[in-house]
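Engineer: Structure in structure tokens, see below.
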Amino acid sequence: MRFVYLDHAATTPTDPEVVKEMLPCFTESFGNPSTLYKIGREAKKAITLARDKVAVAIGAKSEEIIFTSGGTESDNFALKGVAFANEQKGKHIITSSVEHHAVLETCKFLAKNGFEITYLPVDKYGIVDPEDVRKAVTDKTILVSVMQANNEVGTIEPIAETGKIVKEKGIYFHTDAVQAIGAVPVNVNDLNVDLLALSAHKFYGPKGVGALYIRKGTRMMSLINGGHQERRRRAGTENVPGIVGLGKAIELAVSKMEERSKQLTFLRDKLINGILDNIENVRLNGHPEKRLPNNANFSFEFVEGESMLLNLDLVGVAVSSGSACTSDTLEPSHVLSAMKVPIEIAHGSVRFTLGKNTTEEDIDYVLEVLPPIIKKLRQMSPLREGLDLNV
Ligand code: PLP
């Protein structure tokens, strides 16, 4: 049976070129980067090189990059790090209602620890209005956090505009760019951000490694204390293979971005048009144009997202219903809820996220297997009353 992996927002396969760069770090170049002899120095050099690659990729200085265990840690570090180091200035943080749980749960934690959090609303496409950010700022605001691209619906936020406003107010600005790297341009100066989170496994790098960009001069508290690694900002022996893999992966992601985005946009639009033209009672979630080149998120009325996911799995197609991290709960997606998608429609949502190895034949296959699945599920659905069941 054909296997079509369309869940690249959840994770991507590690690029063989990345694996090749990582392998020696497990065996011959296994030294601890804090040691002074040759293999230790080599490991340190490998980290420095990877740090330079990350810095070049996002327009930062090398010393502004801190390696972490992934997107979740980077988001935690950004929010808690700024909050606890600046609480004497104020305890108000602004974020959006469509952030990843890595940000939302951290905000919940901060709220329990005396911080006041404002969750900004979004429009029907999931966009946070920069003017809403301006209006929400008070003299107690210390940090604004808005993601660059949404992991569920693919909407790209106007981060540069929001950043300009936040900068004028003299407040720190963090963006979660986990889904944006390799898909759209990410430059910390163009975006006017002070902190930016990224994660290697979303752009063909290994899992369990990420980075946080911290603009020079940002007052931060460390979350992990111990040795002197990462300029004392994040203690612990470095994940050398992971960091080397991240460096290679971001270099490839940025150099191939234009070419890949063009191909992905073509395939994504073929999928979107194929579904909208051939299946009734379906809507595309997210912004029609300002969306990630690989993301197509739909709500199919009168069907359950989970049933679609399982039926697609039976024919070899891997997709996600809602966010991968929450697909084991039956709560409607907080992103679709914030976009005011009615609950019963939100429950019928499926996210298709394409990748660099997705082919036109893969899309043709999905367009062939999906309509009969929807038809079968609608025939069984108690919600289908009055629906023409041809599709
Ligand atoms: N932020 C966003 C937007 C994500 O999509 C994800 C992962 O799905 C994360 C953060 C968490 O990243 P990680 O899996 O590296 O912890």
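Engineer: Given a Förster distance of 30 Å, report the FRET efficiency between Thr27 and Lys61 from their Cβ-Cβ distance, rounded to the nearest 0.05. Numbers along the way, then the final one.
Structural biologist: Details: r = 32 Å, r/R0 = 1.07.
Calculated transfer efficiency: 0.40.
Engineer: Applying a 10 Å radius around every beta-carbon, put 42-55, 108-121, 197-210 in order of their mean neighbour count, most first. Display every interim value, and only then the final one.
Structural biologist: Values: 42-55: 19.9, 108-121: 15.2, 197-210: 26.4.
Those peptides, ordered most packed to least, come out 197-210, 42-55, 108-121.
Engineer: Can I ask one more? In deg cm²/dmol and to the nearest 500, what is the mean residue ellipticity at 222 nm of the chain if only DSSP H runs of at least 4 residues count, each as -39500 (n - 2.57), divided by the residue total? Provide the component values of the computation, followed by the final result.
Structural biologist: Numbers: 12 runs with 155 residues, N = 391.
Result for the chain: -12500 deg cm²/dmol, rounded to the nearest 500.
Engineer: Hey, which of these cross-link pairs are over 22 Å Cα-Cα: Lys164/Lys262; Lys135/Lys164; Lys202/Lys356; Lys91/Lys340; Lys112/Lys164; Lys167/Lys290?
Structural biologist: On the way: Lys164/Lys262 29 Å; Lys135/Lys164 14 Å; Lys202/Lys356 12 Å; Lys91/Lys340 29 Å; Lys112/Lys164 30 Å; Lys167/Lys290 24 Å.
Exceeds cut-off: Lys164/Lys262; Lys91/Lys340; Lys112/Lys164; Lys167/Lys290.
Engineer: I want to verify a result. In a Gaussian network model of the chain, Cα cutoff 10 Å, which of these has the top mean-square fluctuation: Glu152, Glu161, Glu289?
Structural biologist: In this elastic network of the chain, the residue with the biggest mean-square fluctuation among Glu152, Glu161, Glu289 is Glu289.
Engineer: Hey, rough spin-label estimate for Glu105 and Asn357, points 7 angstrom out along Cα→Cβ, what's it come to in nanometres?
Structural biologist: 2.9
Engineer: First measure r as the distance between the Cβ atoms of Arg219 and Lys20, then evaluate 1/(1 + (r/R0)^6) with R0 = 56 Å and state the FRET efficiency to the nearest 0.05. Provide the component values of the computation, followed by the final result.
Structural biologist: Working: r = 40 Å, r/R0 = 0.71.
Computed FRET efficiency for Arg219 and Lys20: 0.90.
Engineer: With the dipole of region 16-255 worked out from charges on the C-beta (+1 for Lys and Arg, -1 for Asp and Glu) around the Cα centre, which of Leu143, Thr68, Pro121 lies farthest toward the positive end?
Structural biologist: Thr68
Engineer: Right, here's the next one. Quote to one decimal, in nm, the extra length available between Phe3 and Glu259 on full extension: 0.36 nm per residue of separation minus the C-alpha distance between them. Don't jump to the answer; show the numbers that get you there.
Structural biologist: Values: separation 256, 0.36 × 256 = 92.16 nm, distance 2.41 nm.
So the extension gain works out to 89.7 nm.
Engineer: What does the charge count around Phe77 come to, taking other residues whose C-beta lies under 11 Å from its C-beta (Lys +1, Arg +1, Asp -1, Glu -1)? Don't skip to the answer; put the middle values down first.
Structural biologist: On the way: positive: Lys80, Arg233, Arg234; negative: Glu73, Asp75, Glu230.
Neighbour charge sum, excluding Phe77 itself: 0.
Engineer: Would you mind calculating the relative contact order of region 16-255 from Cα pairs under 8 angstrom and at least 6 residues apart, reporting the percent as a whole number? Intermediate values should be presented prior to the final figure.
Structural biologist: On the way: 496 pairs, mean separation 64.7, N = 240.
Once divided by the residue count of region 16-255, the mean separation gives 27 percent.
Engineer: For the chain, modelled as a Gaussian network with Cα springs under 10 Å, which listed residue fluctuates most, Gln179, Gln148, Gln88?
Structural biologist: Result for the chain, Cα springs under 10 Å: Gln88 fluctuates most.
Engineer: Considering Cα pairs under 8 angstrom that are at least six residues apart, work out the relative contact order of region 257-362 and quote it in whole percent.
Structural biologist: Working: 127 pairs, mean separation 33.8, N = 106.
Result for region 257-362 is 32 percent.
Engineer: Percent relative contact order of region 185-312, based on C-alpha pairs within less than 8 angstrom and at least six residues apart? Provide the component values of the computation, followed by the final result.
Structural biologist: Details: 118 pairs, mean separation 20.1, N = 128.
Result for region 185-312 is 16 percent.
Engineer: Might you tell me the accessible area per residue for region 6-107, computed with a 1.4 Å probe and given in Å²?
Structural biologist: Working: 4240 Å² over 102 residues.
Per-residue accessible area for region 6-107 comes out at 42 Å².
Engineer: Test of understanding: express the Cα radius of gyration of the chain as a ratio to 2.2 N^0.38 Å, with N the residue count. Could you put the intermediate results ahead of the total?
Structural biologist: Working: Rg = 21.6 Å, N = 391, 2.2 N^0.38 = 21.3 Å.
Against the empirical 2.2 N^0.38 Å value, I get 1.02 for the chain.
Engineer: Out of the total accessible area of region 59-98 (probe 1.4 Å, heavy atoms of protein only), what percent is carbon and sulfur? Write down the numbers at each step before the final one.
Structural biologist: On the way: 540 of 1050 Å².
So the carbon and sulfur contribution to the accessible surface is 51 percent.
The values are calculated or read from the model by the stated rules, or taken from the named source; none is laboratory data. Since we're looking at a predicted model, the values are computed, not measured. Glycine also receives a Cβ, built like all others from the backbone with ideal geometry; neighbour counts cover every protein chain displayed. Keep in mind that these areas ignore ligands, DNA and RNA; they rest on the heavy atoms of the full protein, side chains included. Shrake-Rupley method; radii C 1.70, N 1.55, O 1.52, S 1.80 Å.
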